1. Applying the selection to region A:322-338, what residues are surrounded by 23 or more Cβ atoms within 10 Å (Cβ to Cβ) and either outside any helix (DSSP H, G or I) or touching a Cys at 6+ places or on another chain (Cβ under 8 Å) (or both)?
2. For region C:84-103, give me each residue that is touching a Ser or Thr at 6+ places or on another chain (Cβ under 7 Å) and within 10 Å of C:LEU377 (Cβ to Cβ).
3. Select from region C:172-199 the residues that are in contact with an Asp or Glu (Cβ under 8 Å, 6 or more places away or on another chain), surrounded by fewer than 24 Cβ atoms within 10 Å (Cβ to Cβ) and more than 18 Å from C:MET106 (Cα to Cα) and list them in ascending order.
4. Quick one: in region B:5-32, of everything that is part of a loop (DSSP other than H, G, I, E, B) and surrounded by fewer than 23 Cβ atoms within 10 Å (Cβ to Cβ), which residue is nearest to the other protein chains (Cβ to nearest Cβ)?
5. Within region A:78-101, restricting attention to residues that are within 8 Å of chain C (Cβ to nearest Cβ) and touching a Phe, Trp or Tyr at 6+ places or on another chain (Cβ under 7 Å), which residue is surrounded by the fewest Cβ atoms within 10 Å (Cβ to Cβ)?
6. Looking only at residues in region D:192-211 that are among the hydroxyl-bearing types (Ser, Thr, Tyr) and within 8 Å of chain B (Cβ to nearest Cβ), which one is nearest to ligand 3 (Cβ to nearest atom)?
7. Here is a list: D:TYR132, D:TYR169. Which entry is within 14 Å of chain A (Cβ to nearest Cβ) and surrounded by fewer than 24 Cβ atoms within 10 Å (Cβ to Cβ)?
8. Do we have any residue at all in region B:311-321 that's of a type in the set (Gly, Ala, Ser) and within 9 Å of another protein chain (Cβ to nearest Cβ)?
Amino acid sequence: MAQLNMMQALSDAIDTLLSRDEAVVTFGEDVGHFGGVFGVTRGLQDKYGATRVFDAPINEGAIIAMAMGMATNGLRPIAEIQFADYIFPGFDQILSELTRLRYRSAGQYTAPVTIRTPCGGGIYGGQTHSMSPEAFFTHIPGLVVAMPSNPYDAKGLLISCAESDDPALFFEPKRLYNGPFDGDPDKPQASWKDHPKGAVPEGHFTVPIGVADIVRPGNEVTVVAYGTMVHVALAAAQAQGVDAEIIDLRTLIPYDIETVAQSVQKTGRCVILHEAPRTSGFGAELAAQVQEECFYHLEAPIQRVTGWDTPYPHAHEWSYFPGQARVARALKKTVEFA
Amino acid sequence: MAQLNMMQALSDAIDTLLSRDEAVVTFGEDVGHFGGVFGVTRGLQDKYGATRVFDAPINEGAIIAMAMGMATNGLRPIAEIQFADYIFPGFDQILSELTRLRYRSAGQYTAPVTIRTPCGGGIYGGQTHSMSPEAFFTHIPGLVVAMPSNPYDAKGLLISCAESDDPALFFEPKRLYNGPFDGDPDKPQASWKDHPKGAVPEGHFTVPIGVADIVRPGNEVTVVAYGTMVHVALAAAQAQGVDAEIIDLRTLIPYDIETVAQSVQKTGRCVILHEAPRTSGFGAELAAQVQEECFYHLEAPIQRVTGWDTPYPHAHEWSYFPGQARVARALKKTVEFA
Amino acid sequence: MGKSDAGMPAPAPASRPGAAPDFAKLGLPRPGDLPRPDPLAPASEIQDLAFGLVGVLNEAGEAEGPWAPSLAPSALRRGLKTMVLTRAYDDRMLKMQRTKRLSFYMKCLGEEAVAVAGVDALDAGDMVFPSYRQQGALIHRGADIVDMMCHCISNSRDALKGRQLPVHYTDRALNWFSISGNLGTQFPQAVGWSMASALKGETAIAASWIGDGTTAEGDFHSAMTLASTYNAPVILNVVNNQWAISMHTSISGGKAPSFAAKAIGYGIPGIWVDGNDFLAVHAVTQWAAERARNGGGPTLIETYTYRGEAHSTSDDPSRYRPKDDYEAWPLGDPVERLRAHLIGLGEWSGRDHDTLVQDCKDQVSEAWREALTFGTLEEGPHAPVPTMFEDVFADQPWHLRRQRQELGI
Amino acid sequence: MGKSDAGMPAPAPASRPGAAPDFAKLGLPRPGDLPRPDPLAPASEIQDLAFGLVGVLNEAGEAEGPWAPSLAPSALRRGLKTMVLTRAYDDRMLKMQRTKRLSFYMKCLGEEAVAVAGVDALDAGDMVFPSYRQQGALIHRGADIVDMMCHCISNSRDALKGRQLPVHYTDRALNWFSISGNLGTQFPQAVGWSMASALKGETAIAASWIGDGTTAEGDFHSAMTLASTYNAPVILNVVNNQWAISMHTSISGGKAPSFAAKAIGYGIPGIWVDGNDFLAVHAVTQWAAERARNGGGPTLIETYTYRGEAHSTSDDPSRYRPKDDYEAWPLGDPVERLRAHLIGLGEWSGRDHDTLVQDCKDQVSEAWREALTFGTLEEGPHAPVPTMFEDVFADQPWHLRRQRQELGI
Ligand SMILES: Cc1ncc(C[n+]2csc(CCOP(=O)(O)OP(=O)(O)O)c2C)c(N)n1
Ligand SMILES: Cc1ncc(C[n+]2csc(CCOP(=O)(O)OP(=O)(O)O)c2C)c(N)n1
Ligand SMILES: [Mg+2]
Ligand SMILES: [Mg+2]
């Protein structure tokens, strides 16, 4: 078991995939010689050659269409979109093409494409390097949507997505690349070195799609989170002294409703967290489903702690980011609700 | 008061806008000489000239970017996207540009653009002429999203959107163009001729943005719907003999939470309808918000009756469309819940 | 307020309904004028091909000039047969749509050579990414028109399980991609497919077709950019049939000298060809295929033709173009021109042709009768309703399973 | 498994780190060779301008050839001053980013002439849709560098209320559009703006700048298509600085003979110009502006230059290009070349220049001190937090009001 940060874990996953299957190729803006602006594919072009690991023109729609075309001809492309904020020129190719091909061709054609993209805030990236656009993609039938919160899951889930026969969108919370982040910007940057989930097996292993992870068992309230917010939730529960059951969703589509519903039926209370704006965010889907499945058990309204319904600001990063204070307040309000 | 169908009402609205304000222009694919594939702009090019009413190249992103550029130079463009299914090549220009300009420029620049587009099923249009993609747009900060259910609202709301200083996305349920549709495909096509909401005032009038309409007062259950589903709801409630309070939302962003919450607090039960797929559909946002605001009053879980999480099929149109039977079943289940 | 003449109105066609057709401005070059360069010639040296129309058949119906392909009469007859069959198929489907047996239909009248000659010049293993107007190519590849009809009426034999609008064929066995309702999306996908072929060291190439109006979409630029950057073995065809529904080709084309000329800015050969000339379309496609198969990379081909019928059954051309526009089209009718050529060669006769036309009509009627035995859109039987929830994902996830149950099936 | 050499690898630059810079393949034509056509000449007759580099300043620093503009020495000095000030501003901002006073910064070293000469040839009323690398143009239009600094450190005087990443300037008073972080989106918007100007019968034109890598985006094609179809009075500039972060220009350019040549397929004039030659950039921009203002429509200009520094403060060029690549760039340094030209004219001296450099440094230091008095990104003061919820809509709707309250403000 190596102790890796999230970038290394992702790189290791792609390396593993490239080495096991000739059909795997990876490309994107700056992905080839440079190894990506975050270095996730660094060294892979030297190892696997410039026809399996390469740069792509700056056109996200072209990148996704190229990946889809390759996939219909037997390859298993892993395409990188440099920032999730920049995926939208490719939105039509994802929504109208990639995710519908199997359906509209009645299974004659499939497109096992995995799209990797860094998302989320906390890095003073301003409104075009901080987005969490996952909700848009959870409304598209036929797309697997995943977001890990640690190096172990990052590697295992990325391998699962790449080996799945469905198109998958894999979000990488960039604030977690170098270490866990609990939402407190004043603390020194933590590291994955001394984090249990920084211990990543060598070679091939998988974390299953559609299975959530209970990262903290508890009885007072269920917290559903994913990505960076998992770490914020842990810190906030601790700070607030709330016995929260914290669920790391890991896969958004298809999401693990059993684990979530069972937990809420046990705790009777639920708080949902995400960085993305609230209105029609993925928290809305979770809240709608949970209230339906757990109506008898709910003792308090389901709270959503989220980013605000504005573009992601620059100077006010920490007023926008749903940090510990806001999560703690919601936990308190929810457990004390009667 | 003229008795108009929805296409005529929309045409009348655009005519009114063009005649009152030289800054208004309208364009889109086939919009000029032909007057649009549904005829909404028919005759307007002859009346206002080919520089105010014109054809545009087949590039939805270009159409929206052109509209935005014009709007930053004093015009008030009304752009038509031929089908809502085809708006996605323009998604980036809407999400990253049109709706952020005021914010990122701190109010120095604004882009009062209105985008009209036909949406929804019930016309055997298959998966690329039947979509109801409204939910994607309700997650974009800074965009007004509206969808009328009748000619009167269509004209009044379109005028409000075009005169608003915010960018607006105006969905036109194409199944309602020629007449109301209650979800029963076996009935002969109804007409707006003998429908009270087919009576449309001449000239300028507005239906306010953000204000819902209670189309049927009731006490047993609140039904929140918009577009075609408003008519399905009325028919289903009648067929099921349920005393439903039926709310036509009309504006999705910003939505009229007061009207909805007050109604649910009165009835204690809520069913939400839309044609779009369920997962992360706009019904999720409504359900999440309603359960939070009406927790004490809710006597049954909020139900969502929606399209399925698949592309919109062709042959199985009526198994996909959330028709009267499914709505009636949900009403029954909800009012009988205890 | 009212009518403004300031600004720059969008271009308009030469004539509108009521006026006489006017193709004077086309200024078409004579066929046979253009040289046939080596298929591996540098793109920079053959830019002329984008400005002059490549043609083979002259007014007299003789094959003329360096592009004249060496096609056996039997091959020409096969092409003619497919074109005639396609026309018979289209006529029947249109009629059936008028009687509500189809929800929708799109003909390709006048554009048969574009599709049939285009695919005839490819190998069976080459992948086709078509638009909705190349039904002739599908028939030429050997599709059973009964299957095509069953798709168009979404019955129990529809290979697409009733999921797609009519004419959105898919046929993997024939290396025919799934037709999308979204314009142009297949263009960059075709480039990706062809890159994979090269990467695997295979010889198959890809070919795709889009319309003139569709060139305005970003996906056109995506495809051209990818093809140029990666030297992809792909043939990118722009079918310029002068119209995009009601919009004249100049709305998407703007001031472009030709759509073929768009290739120049990508360092790709662009060839402008008479799309109603079966031999010319065959010749340029064969040239591009040879180039692609030998590492020469992509070619952009503009097939210059005319949309003889309405855009689709939802369209009404009488609102925007002269009634007799098609008859006045200077490049004639692809079927008539190939027929005349074969007769000139002594390889065909008016009699043969009349028989062929009748045989195709009969074949289509026969096929239609058979198709109906598998059901219709209105009465069914269709694919079983539960199939509506399949193929969204490889395996059905819980939410789709529950939704299926919610529907009570 | 492992390393595959099949398929077509993407193009690579002539040299990578460790190797010597190699610009031999550029094969740059001599300046002065190309004619200066009438600004209203048909695009079809001036395609040569897309294949040969327009230049004015020769090795000796003299203005030569038909493109030599008639610019008063005072105008040239103004341009030189802005370029030197821009360089001083960039240097200071970079240093301040290294000390964490800025979260991010982007320099334009080597590209000063592109922006300064480009905007100098426009009227003050012409609208500019820039990318993030034309800060020289903003300064040249008269922006107060204190305001620019205050934006870059998101302090209480930041006109953008701390909402934008540094260098994403907006300045309506100077007809400077709001810079977007999304590449290329401004290109078609500029076309729309210019169409509105024409529609209103006004004489103002629009100009926009994007990078070479950005030409691959669909928005490039959107802009070119709109400009061609509507004959829009707009100048579309592609700044080819040879790199897109780590990607050599050939990744987005593919086999394109030049980016200017992309104009041919749209029937638009394309001019390829030496971007490090202040006079040449000025001359072609002035030509394009005259064309646009007189109804001649759009022009695509490719300014050929070199990105002298890292892409941004997040980049590390030593990983992908030789250290001394910039020094070896055959087209030299725009500041040095204009300086030499002015000295040759006897309108400037080394002393004048040294004084100018020192004055600009002082001006920047002075400005920085002043900027800090309005706060910093880390310590504030920033715009009041409630402003974070403003300007999303014209009027704040209920959900934003509630969210503001939820934040306890
Ligand atoms: C992305 C997208 N936008 C708009 C449409 C609606 N539409 C269908 S066909 C068509 C015209 C296409 O014209 P052209 O590309 O010339 O092809 P042709 O029909 O002439 O063969 C339009 C606008 C669509 N299907 N997809
Ligand atoms: C739509 C989009 N995709 C990707 C990016 C990330 N990105 C920022 S700058 C850049 C390179 C741009 O290169 P070029 O267009 O040549 O401009 P230059 O930086 O050289 O001036 C990239 C890929 C972005 N900002 N927007
Ligand atoms: Mg066409
Ligand atoms: Mg560049």
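Where a number appears in this text, it was derived from the coordinates with a stated rule and is not lab data. Since the structure is predicted, the reported quantities are computational estimates derived from the model, not experimental observations. A quick note on method: Cβ atoms are made from the backbone with ideal geometry, for glycine too, and the neighbour counts reach across all protein chains shown.
1. A:PRO322, A:THR334
2. C:ARG101 - this is the single residue of region C:84-103 that is touching a Ser or Thr at 6+ places or on another chain (Cβ under 7 Å) and within 10 Å of C:LEU377 (Cβ to Cβ).
3. Of everything in region C:172-199, just one residue is in contact with an Asp or Glu (Cβ under 8 Å, 6 or more places away or on another chain), surrounded by fewer than 24 Cβ atoms within 10 Å (Cβ to Cβ) and more than 18 Å from C:MET106 (Cα to Cα), namely C:ASN175.
4. B:GLU22
5. A:SER96
6. Per the criteria, the residue is D:SER194.
7. Working: D:TYR169 fails: surrounded by fewer than 24 Cβ atoms within 10 Å (Cβ to Cβ).
Just one listed residue meets the conditions, D:TYR132.
8. yes
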